[in-house]
Amino acid sequence: MKATTARGTIEAGDVGEGRPVVLLHALALSGRLFDPIAAEWAPRRRVITPDARGHGGSDWDGRPFTGEDMADDVAALIETLVGGPADVIGMSMGGSTAVLLAQRRPDLVARLVLADATADYGPDRVQTWAERAEKAVNVPREKQVDFQIDRWFSPSFVEANADEVRRVCDIFVVTDSAAHAAACHALGTVAAVGELGTISAPTLVMVGDEDYATPPAMAEQLAAGIPDSRLEVLTATRHLSLIQRPDVWPEIEKHLDA
């Protein structure tokens, strides 16, 4: 569905009924990443899966944007579709967006899950993400896939779940390269560690122990800084933990329902 918000038109999946939960996807993917979770949870809750600006079917004017811009986009979507607070789950880029959302609009975040995420990619973040942005536009998308798969999933998962890996790769390949690059630059702007203590939503922080995109130390920093939070490190798991580990979905639901 297309949602017309105060921040522009945002494409979002919207299935199920009940307490709303908004799932924010990783870089260069889309809300379709969470289709398996949405199908599992729809009988029990309303699942909203927006596309970040320039990703999937969401609009983008081609201008640079920041992490705060992405957070404000989500705030506008929640206000438009829900009208009040929602549970929020963010993975990778979506996790950084969720951190900023919870800091900027605590009134819109009831309970929070941060998976494979960070509030700051470190002192070299601007340069690092500028280099990633350059590759996003200069390397053909199909030739970026092997690099992404190695970051996203453990080898054992790739071997045993070829269809699911292919599904995620198909989303990546059709993502606009310019939007991918712009989002890279946006991640380089995220520097929100100092404000973690302002997050009031009860928070579950999850990370794969093999995640080298956002290593466990980044998750530890989140859990140490957010007052009402709990950290869980998932064994033999890489960057897209919520896709690789459907066995943790019930634990996430338990956190949301607490």
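Test V205 against the stated conditions and say whether it is modelled with pLDDT of 95 or more, closer than 11 Å to A117 by Cα, assigned to a strand (DSSP E or B) and among the β-branched types (V, I, T). It is true that V205 is modelled with pLDDT of 95 or more, closer than 11 Å to A117 by Cα, assigned to a strand (DSSP E or B) and among the β-branched types (V, I, T). Restricting to segment 1-40, name every residue that is under 15 Å from the mean Cα position of the chain (by Cα), assigned to a loop (DSSP other than H, G, I, E, B) and among the hydrophobic types (A, V, I, L, M, F, W, C). Scanning segment 1-40 gives A26, L27, A28, L29.
Evaluating A52 against the criteria (1) of a type in the set (A, V, I, L, M, F, W, C); (2) over 18 Å from A181 (Cβ atoms); (3) touching a strand residue (DSSP E or B) at 6+ places or on another chain (Cβ under 8 Å); (4) crowded, with 19+ Cβ neighbours inside 10 Å leaves one unmet condition, (2).
Restricting attention to segment 235-255, does a residue exist that is more than 24 Å from R132 (Cβ to Cβ), aliphatic (A, V, I, L, M), at pLDDT below 95 and in a loop (DSSP other than H, G, I, E, B)?
Residues of segment 235-255 that are more than 24 Å from R132 (Cβ to Cβ), as a first pass: 235-236, 245-255.
Remaining after also requiring aliphatic (A, V, I, L, M): 236, 248, 252.
So of that shortlist, the ones also at pLDDT below 95 come out as none.
Scanning segment 235-255, I find no residue that is more than 24 Å from R132 (Cβ to Cβ), aliphatic (A, V, I, L, M), at pLDDT below 95 and in a loop (DSSP other than H, G, I, E, B), so the answer is no.
Checking the condition free of Cβ contacts under 8 Å to residues at least 60 places away in the same chain and either out of contact with any helix residue (DSSP H, G or I) (no Cβ under 6 Å at 6 or more places or on another chain) or of a type in the set (S, T, N, Q) (or both), which residue from S92, S58 passes? On inspection, the qualifying residue turns out to be S58. Here is the figure for segment 203-215: residues that are crowded, with 18+ Cβ neighbours inside 10 Å, out of contact with any Pro (no Cβ under 9 Å at 6 or more places or on another chain) and not acidic (D, E) total 5. Suppose the filter is surrounded by fewer than 16 Cβ atoms within 10 Å (Cβ to Cβ) and either at pLDDT below 95 or more than 14 Å from the chain's Cα centre (by Cα) (or both); does T80 pass it? Yes; evaluated as a whole, the condition is true for this residue.
The values are calculated or read from the model by the stated rules, or taken from the named source; none is laboratory data. Worth saying up front: this structure is predicted, and the values here are computed from it rather than measured. FYI the Cβ positions are ideal-geometry reconstructions off the backbone, even for glycines, and counts take in every protein chain you see.
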